[in-house]
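What follows is calculated from the coordinates using simple rules that are stated; it is not laboratory data. Just so you know, these numbers come straight off a predicted model, no measurement behind them. Note: ideal-geometry Cβ built from the backbone for every residue, glycine included; neighbour counts use all protein chains shown.
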Amino acid sequence: MRIRHLTDTENGKNWSSFCDGATVRVRTGIPGKEKESDKPQDNPDAAQAWAEKEEWSRIKKGFILDQAGVQAGEPRLHCLRSKAYTGALSIADVEGQLLCNSFDDTRPGDRLYLLDSSGRKTALPDLPLNRMVWKTIYLPAMQRLLIKADHQVLSWTKGDTAYTILSTPNPHPVSCLDAQASLAVWYAEPNLVVTDLNSSQQLLDIPLPYELHGGHSPQMEAALSPDGDTVAYCARAGEIVLLDIATGTVRASIAGDFKMITLLRYTPDGRYLIAEAAYGNASHLCFDMQSMSLRAGWPASSFDGRTSIALSPDGKLCAIANRNKMQVYDFATLECILSFRIEHVVKRCSIGWVGQYLGVQTDYGCASLYALG
């Protein structure tokens, strides 16, 4: 049985649906004055689809799904993140709250806000106009949020009323961002830069030309190792370079038949490097940093550019979302331990760990938290 309870926090009105076989029982109204009605459908699948469509219509009007104590794979929270799909689905855990971006066509551009597990929103300062937020990273020890707003890097510290500018906008649509502890790497065209955010000292600043995939899409991704000694970057198809930050010399390189890399991320122990390859044989890849080769047994996840991958903070779990399908793996054994359907998705979503939940932003404009156990 599928049971969902939504509430309009402004007027206290409830909307609930109970799917039992091919019948959906709906309960609406103010508490104590609710009315029930049955909505028969052709079959159980049609009943669930009808209930989900009606649920989304309420979410678009401001209703919030707030259900504590749900089972693994079920939504703890659904609420509207944006009335318009921007293409940018940034996500981060900020002290147990889901960081969301939503498009505001009155400014225009993205806005950032924090969402707690009950759907309460806390707005962050206004971003520069006409900016979309493509990546965010929160550094808990510094209480500092790094933001890749189009092709410029900004930061925000808890309590600040404005953003700190870390880089000027790049003249071309090329950028990257990653951080570990107090170190951050980004692309300040035409250089790859590693900066100590505590001292503002640049530890690495080297010219790095990038390749245009198909003559149109700039290739530039980078990731910092957890120990802060190495930066891995991909600036051209088929090659990932590992660079010593202290000396600027090449430690090693990984060659393969992958095309454009759109994500690089080390596991928390530094043992593996995860990459997302677009175009060609598009897939998620996992490289063993000891053998410098693909990890044996890594789950095949060929896709069409509509996936998202997230590692738990302790590195024990790995979640992969492909369109509206979520699979959670034990990272040590690569066994799939949980599989469920993501709701309110058109074609893609972004995912990330948020406290004990898996946070999701969808291209339908839904922000969610899913229980994992």
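Using all C-alpha to C-alpha distances in region 230-269, build P(r) with 10 Å bins and read off the rounded percent in each one.
29, 52, 19
Run the reach check for residue 259 against lysines, Cα to Cα strictly under 27 Å, same-chain hits fewer than 8 apart removed. What comes back?
Qualifying lysines at Cα under 27 Å: 135, 148, 325, 347.
Would you give the gap between the C-alpha center of region 94-171 and the C-alpha center of region 42-62, rounded to a whole Å?
32 Å
Run the paramagnetic zone check for residue 106: 7 angstrom along Cα to Cβ, then residues of region 1-22 with backbone nitrogen under 19 Å.
Inside the label zone: 10.
Measure nothing fancy, just the Cα-based angle from helix 44-59's long axis to the longest principal axis of the chain, in degrees from 0 to 90, nearest 10.
Once rounded, one gets 80 degrees.
Where the convex hull is taken over the Cα atoms of the chain, what is its projected area averaged over directions, in nm²?
Mean projected area for the chain: 19.6 nm², to one decimal.
Work out, step by step, the length gained on full extension between residue 10 and residue 335: first 0.36 nm times the residue separation, then minus their alpha carbon distance; give nm to one decimal. Intermediate results must be reported in sequence, preceding the final value.
Numbers: separation 325, 0.36 × 325 = 117.00 nm, distance 4.38 nm.
Residue separation times 0.36 nm, minus the Cα-Cα distance, leaves 112.6 nm.
Using a Förster radius of 41 Å, what is the FRET efficiency between residue 1 and residue 316 based on their Cβ-Cβ separation? Nearest 0.05, please.
E between residue 1 and residue 316, to the nearest 0.05, is 0.85.
Could you check which residue among 116, 42, 363 shows the biggest mean-square fluctuation in a GNM of the chain with a 10 Å Cα cutoff?
Fluctuation is largest for 42.
How much net charge surrounds residue 295 when only the other residues with a Cβ under 12 Å from the Cβ of residue 295 are counted, with Lys and Arg +1 and Asp and Glu -1?
Once all neighbours under 12 Å are counted, the net charge is 0.
How far apart, in nanometres, would the label points at residue 295 and residue 206 be if each is projected 7 angstrom from Cα along the Cα-to-Cβ direction?
With each label point 7 Å from Cα toward Cβ, the separation is 2.6 nm.
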